Amino acid sequence: MFSQLARLDLPPPSNLTGLPADADGAGSRQAAISQLRQACRSELRVRTEPPIPTGCAVIDAALQGGLPRGQIVEAVGKVGRLSLALGALAQVTQRRELAVLIDGADALDPAGAAAQGVDLRRMLWTRVKNGSDALRAADLVLGAGGISLVVLYLVAAPDPHQVTRAALWSRLTLRAQRAKAAVLVCADRPLAQSFAVATLAVHDEGMRWQDAPGGRLQLRERVARIEVMRSRLGAPGDVQPWCLSK
Amino acid sequence: MSLTCERIACLWIPSWPLQALLRARPELRTQKLVVSDGTLPTSLVLGATLPLRQVGVRVGQTVAQARSLGGELTVQVLSEAHRQAARDALYDVASSFSPSIECGDGYVLLGVGDMAKLFPDETILGKALLVQAESVRLHGRVAIASRAATAKLLARARAEVTVVAPGDEKLYLRPLPLSVLPLSAAQALLLARFGLKTLGDLVALPRTKLPARLGRDGVKLHRLAAGEEDAPLQPTPPPVEICESLELDEAEHNLEPLLFLLRGLTDRMMARLKAMSLACGDFTVELLHQPQGVQRVEVKVATPTREVATVMELLRLSLQAHPPETAVRGLQVRTQAARPRPLQLGLFDGEQLLPERLMTLLSRLQALCGDGRVGQAAAQDSHLPGLAEVVRLQPPSSRERDDGVVSDLQHRMALHMLRPPRAATVKMNGARLTHLHSDGLSGPVLRAGGPYRIRGSVGNEGLRDYYDVELPGGEALRVFFDRDEDSWFLDARYD
C-alpha cells in the first residue's frame, strides 16, 4: 500500500486511510481515489491476459477492451444478444482460438454465423436441452481448459429458473478463472447476478427499412441501445447506440 | 564386450504358463494357485505359485497330487486367449529392440548384432530387455550368444543376464544340466542310465555313435550341447492387432465392477503399446454374454493416445451409453496400434486443448446432451436457409496458429432460429401481409419485405416464399409460406 502511494507521488499517510482528512480536501480525496483505481486497474491488466474484443467498439469500450478472460459477462435484453455472441465468437475463432457455444434454444444458423465471420471449424456447438444442462456443459468445457470463449446462450431456453442458483455460478466463476476463459451469458434477464463482472442490457430502438425494386420493402438494419447496467470494469450507466445491419 | 554383427539374444520367461495367467490375473499371485491343462484330478500341473512350490508342488504332477500336498488350492486352466496375449506381449517387447524376431511360447529370440550405437555393452542391452519385459508384467532371463540355440539354452538355465563371447560357448554350456535340452521322456531316462548329468558329459561322447543309441535326434542333441547348432532365426510376423482378454469366474452385470476389470486390460494394452513406441487408436470392447452372445462397443479416439485415464473415460462413457444387455462372463479389448501424433507446443502459447482432452470433452458432452447434439455446426446441403447439422469437430492443427490478422468484422443482425418452425396464421390483403399470429405472438404487421421464393432442391420440392415481418414492439420475424403444405410457418426471429 505504502509503496503504491509512493509510486503515485501521493503525500505520506496522515491517518489510517492514508487520505487527507480535512473537509476542504474532498476534491483531492476523489482525485486520489480515482488515481488509485486507475493504478489498480493497470496493475490488474498487467497480471491478466488481454481481453477478448467483441468486434463492437461500443461494447469493447464499455468493457475496457473486451470480454475479460476468467470472468463472466452478461448480455440481457430483448434484442442483439445472439449478434453480440456471434461477433465475439468470430473474433476468437479468427484468432485461431477455440470457442464453445452452449445453445439452450437450438437457435444457431450456421450459414449466418459463417457469414458473420465465425470459423465454424474452431467453434464447438453444444445443443443442450435445458438451463441446468447448459451450466453443467459449461462446467465440463471450462474444466477441460484450452477454450478461450464460452458463450452460454440461454435466450428462450426451457426452465431458465434452474440456472439462478448462486452455487452454480460461483463454481462456474472459479472454473472460468482457472481456465482463463471468457464467459458470455446471453439471456432475457440477468442470471449470474453479482458473479458477472459486467451486465450489459441491449434495448431495441426500432427497425429501418429501405425501398427495394418492385415497390417492395427490404429490412436494412436494427437500431439498438447498449446500456451498462452494472460493471466492475468501467463506469456503469453508460448508454451507447448500436446499429446492426442485415 | 562390444556388439558384433551376428549376435542373438534370447529372452526366456520361466514358468511360462503361470506367468501368462498371472499377467492377466495379478490378484492371484499370492494365492495357492495351480495352472493346469484341465480341471480333472488327473490333469497335469503346468505351474504353481510360490506357496505351493514351497510345499513341494512341481510341474508335471497331477492336480490330485498337488491337492494332497497343498491342501485347499485354486486350479486355473490357461486359456488360449491368455496364452496368445502373453505371447504377443513378448513379441512387442522384442520388437522395441529389433525387427528380426522369432517368438514362441515362453521365449523370444532377436537379432541384436547392429545395436552397438544404442547400447555400449551387451550386458546393458540384456538388462534393458529385462526392464522392458517387466513393463508388460513378464519376468525373464536373458542370454546373448552368437547362435540362437546356445542363447536359448543359456537363458533357460542361468539367471539374469548372460553374455557369451564368440568361441566361449562350450565353456558356458558344459556345466549346464541335461534338463535344459529338449529331451523326450525316453531320451532323458536313457541318458540318466548312462550316468550323464551335464551337457559336458554328453559332448564327451563320440557324436558318430549317438544315433545308434538316441536315434536321429542324437546328433542334433550333441550339436546343441556343444554349441554348434546353427539354425537361423525363423521370423515371426507381428500381431495384427493388440488384444487383451479376461474370463470372469462369475458372470457380472454391473458396470462399475466391469470397468474395474477393464482398467487392468487397458493397463496391459497400453504397456504393450508403449513397449512398441506406438499408441492406442480406435478400439473395440467385446462383452461376452452369459451364456452366449457378444456385445461389441466401438470407442473412437480423436488421436492415438497412451493415456490410460483418457481411454478409461471414453470407455466409461461408451459403456454408459451402451450398457451390458445381460450378465457378462468375459471381456476383450482390441485395438489397432497407431503411431502417436507428435504435437509441438509453443513456449509462449496459452493452454491448449489437446486432442485427447477434446475427445474426452466431446464424449462427456455427448453423454449429457445426447447423440448428434455436440460437434461442429454445419449448414445442410440445401438452398433453404437456416437448416443445420452437427458434424465431428476437428479443429485445425495448432501448427497453423499464428497471430492471425482479424479481418474487419461487422456486426449483423443474427437470426435466432426456431426449430422446428412454428405454425403461423397470416392474414393478407391482396399480396400484403396484414396480421400474424404464431408462437405466442399476435399483432398487425407494420411492415413486411418479400416474398423471396426459395426452392430447397431440384424440382418443386420445398418451394417456399419467405417474408421479413415487423410487428409492434420492435419484433422482427421471418415467416414463410410452404407451397407444398399450403401453410404458413414462423421460421426465425431477427435478434
>> Can you give the FRET efficiency to the nearest 0.05 for B:THR284 and B:ASP381, using r as the Cβ-Cβ distance and R₀ = 30 Å?
In response: 0.40
>> Net charge within 10 Å of B:GLY227 by Cβ-Cβ distance, Lys/Arg positive one each and Asp/Glu negative one each, not counting B:GLY227 itself?
In response: -1
> Once the dipole of the protein assembly as shown is set up with Lys and Arg at +1 and Asp and Glu at -1 on Cβ about the Cα centre, which of A:ALA111, B:MET269, B:GLY443 lies farthest towards its positive end?
Replying inline: B:MET269
> At 37 °C and 0.692 mPa s, what whole-number value in µm²/s does Stokes-Einstein give for the translational diffusion of region B:8-168, with Rh from the Kirkwood sum over Cα pairs?
Replying inline: 199 µm²/s
>> Just to be sure I understand the model, the point goes 7 Å from the Cα along the line to the Cβ. What's the resulting B:ARG263 to B:GLN295 distance in nm?
In response: 2.1 nm
> Does anything in region B:159-173 have its amide N under 16 Å from the 7 Å Cα→Cβ label point of B:ALA116, and if so which residues?
Replying inline: B:165-166
> Using only Cα atoms, what is the ratio of the radius of gyration of region A:92-246 to 2.2 N^0.38 Å?
Replying inline: 1.16
> Which value, in debye to the nearest 20, describes the size of the charge dipole of the protein assembly as shown about its Cα centre when Lys and Arg Cβ atoms bear +1, Asp and Glu Cβ atoms bear -1, and nothing else is charged?
Replying inline: 1660 debye
> log10 I(q)/I(0), Debye, Cα-only region B:242-338, no solvent, q = 0.11 Å⁻¹?
Replying inline: -0.28
> Counting Lys and Arg as +1 and Asp and Glu as -1, what is the net charge of the other residues whose Cβ lies under 12 Å from the Cβ of A:ILE102?
Replying inline: 0
> Across all directions of projection, what mean area in square nanometres is found for the Cα convex hull of chain B?
Replying inline: 36.9 nm²
>> Within region B:140-160, list the residues whose amide N lies under 14 Å from a label point set 7 Å along Cα→Cβ of B:GLN234.
In response: B:149
> Given a Förster radius of 51 Å and the C-beta distance between B:ALA309 and B:GLU6 as r, what FRET efficiency does 1/(1 + (r/R0)^6) yield to the nearest 0.05?
Replying inline: 0.70
> Using the beta-carbon distance between B:ARG453 and B:ALA367 and R0 = 41 Å, what value does 1/(1 + (r/R0)^6) give for FRET efficiency, to the nearest 0.05?
Replying inline: 0.45
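Using helices alone, what [θ] at 222 nm do you get for chain B, with -39,500 (n - 2.57) per DSSP H run of 4 or more residues, divided over all residues and rounded to the nearest 500?
-8500 deg cm²/dmol
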> What do the square roots of 5 times the Cα gyration tensor eigenvalues come to for the protein assembly as shown, in whole Å, largest first, as semi-axes of the equivalent ellipsoid?
Replying inline: 74, 33, 23
> Roughly what would the spin-label model give for B:THR123 and B:GLN394, points 7 Å off Cα along C-beta, in nm?
Replying inline: 5.2 nm
> How much net charge surrounds B:ARG432 when only other residues with a Cβ under 11 Å from its Cβ are counted (Lys, Arg +1; Asp, Glu -1)?
Replying inline: +3
>> Along the charge dipole of region B:423-495, pointing to its positive end and built from +1/-1 on Cβ of Lys, Arg, Asp and Glu, which listed residue (B:ASN429, B:LEU490, B:ILE454) has its Cα farthest out?
In response: B:ASN429
> Under a point spin-label approximation (7 Å from Cα along Cα-to-Cβ), what is the B:THR42-B:THR62 distance to one decimal in nm?
Replying inline: 0.7 nm
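Bear in mind these aren't lab numbers, they're just calculated from the coordinates by the rules spelled out. Since the structure is predicted, the reported quantities are computational estimates derived from the model, not experimental observations. Please note: Cβ atoms are built from the backbone with ideal geometry, for glycine as well, and neighbour counts cover all protein chains shown.
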